[in-house]
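Structure first, commentary second.
FYI, it's all coordinate maths here, none of it is from the lab. Every value quoted in this text rests on a predicted model; they were computed, and no experiment measured them. Neighbour counts run over all protein chains shown; Cβ positions are idealised from the backbone, glycine included.
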Amino acid sequence: MSDLDIQIPGAFDPFAEANAEDSGAGSKDYVHVRVQQRNGRKSLTTVQGLKKEFNYNKILKDFKKEFCCNGTVVQDPELGQVIQLQGDQRKNVSQFLVQAGVVKKDLIKIHGF
Amino acid sequence: MAEEEHPEVLPEVKEEAAPGEIHPFDPTKKKKKKKVRVAEEEDLEAVDKVTEKVDSLALTSTAGDGIDSSFAGMKKKKKKKPVEGEFEEENGETIAEVNGGEAAEDEDEEEEAEGIVLEARFPWEGTDRDYKYEELLGRVFNILRENNPELAGEKRRTIMRPPQVLREGTKKTVFVNFMDLCKTMHRQPEHVMAFLLAELGTSGSLDGQQRLVVKGRFAPKNFEGILRRYVNEYVMCNGCKSPDTILSKENRLFFLRCEQCGCSRSVAQIKAGFVARVGRRKTTT
Ligand SMILES: [Zn+2]
């Protein structure tokens, strides 16, 4: 919020969008767990926003073993590393992350239908 | 939706009817019922509306979050008793009609029962049992509705119709009453659409008839769940739960201001976040 007070209203601020994301509601370091439909009944789960300190490949390995699904770590130009899993693993993922103490429960945001 | 509601209600009706004196009330003939009815009529009229609305209220029907608690929380409790009444009358009617022959037999019982029935404004009357919390709550709301309707939370309610969904081909879904719902929520279709598409993790657009066409197969309840979240996040006031709010953009931030209590909060931006490449392999990132 304080960032915004300094802004001159109306003046174009190239960083406003970025600042806004930091100060806006719900911009805590959420871990976003999403689901996407693929063809047919298939779907895909993505886990975005895990702390950078974590070894994504290790987490992925555990995911894969635990949920019996395949997956991969994708490098996104803006969002950094994102874990992709086959199937709708949203519940599994959030359960796992909480139990393993990787993320607090209220910092996991599950999206989708 | 209505189907989902009924099983909820029915067991309650049975439960409550059994211990009370209302049960003998079932087989009564129409004439006798009329008397009782007149007494309850006023209650029922108001209540009928409420229950009607409840059935059409998509967003409150399934178990869930905020809007449930705000919109239906009170309603459900209020609803119980009145609906009971309705059910009994319906039962009474059908039974009386169907069992025309048995009516004579029943008459003996009726006369015994009648004395109690006519007085039984409350289910506990004529017994020594303790009042149940729900019953007392219902009583309070009845009184409140008679005297100060506005305190019973009976204000204008925002009723959301259930999402109507069609399949277009095998891979696309058409959200038919999308515009209607945007209007009910008083939100820009673009904003609602952005949220829906981000949550569904898909793409879509409005067609010529202002329907929302999205890629992928989705059931009405998928939309419902997301709309429910949308209402919680971008429509309902956190303080007073009123949906009478204005969403405005100030300094590139979205703020939600309540028209009822005047409180204001900032809301999260809609971000699609990471969208995985689905489909052709050639175009990988
Ligand atoms: Zn308010």
### Message
Between B:Gln164 and B:Asp244, what's the calculated FRET efficiency when r is the beta-carbon distance and R0 is 25 Å? Round to 0.05.
### Response
0.50
### Query
For the pair B:Gln260 and B:Lys183, how long in nm is the line joining their label points, each one 7 Å along Cα→Cβ?
2.3 nm
### Message
Can you list residues from other chains, or at least 5 along the same chain, whose modelled amide H is less than 5 Å from the amide H of A:Gln89?
### Response
A:Thr45
### Anisotropy class of region B:181-262 from Cα gyration tensor, a/c 1.5 cut
prolate
### Query
Across the residues of A:31-38, average count of Cβ atoms on other protein chains within 10 Å?
5
### Task
Work through the residues other than A:Val35 whose Cβ is under 12 Å from its Cβ and net out their charges, Lys, Arg +1 and Asp, Glu -1.
+3
### Task
Grab the beta carbon distance between B:Tyr131 and A:Gln95, set R0 = 35 Å, and tell me the FRET efficiency rounded to 0.05.
0.25
### Query
What average number of partner chain Cβ atoms lie no more than 10 Å from the Cβ of the residues making up B:193-203?
3
### Query
Residue farthest toward the positive end of the dipole of region B:165-267, with Cβ of Lys/Arg at +1 and Asp/Glu at -1: which of B:Asn251, B:Gly216, B:Met185?
B:Gly216
### Task
Would you work out the relative contact order for region B:165-267, in percent, from Cα pairs under 8 angstrom that are 6 or more residues apart?
20 percent
### Task
Calculate, in nm to one decimal, what B:Val140 and B:Glu233 gain on full extension: separation in residues at 0.36 nm each, minus their alpha carbon distance.
30.3 nm
### Task
Using only atoms on other chains, find how many Cβ atoms lie within 10 Å of each Cβ of peptide B:249-258 and report the average.
4
### Message
Shape verdict for region A:29-111, please, from the Cα gyration tensor: rounded (a/c under 1.5), prolate (a/b greater than b/c) or oblate.
### Response
rounded
#### Entry: Backbone HN-Hα couplings from phi across region A:36-45 [Karplus 6.51/-1.76/1.60, Hz, Gly and Pro as x]
9, 7, 10, 6, x, 8, 6, 9, 8, 10
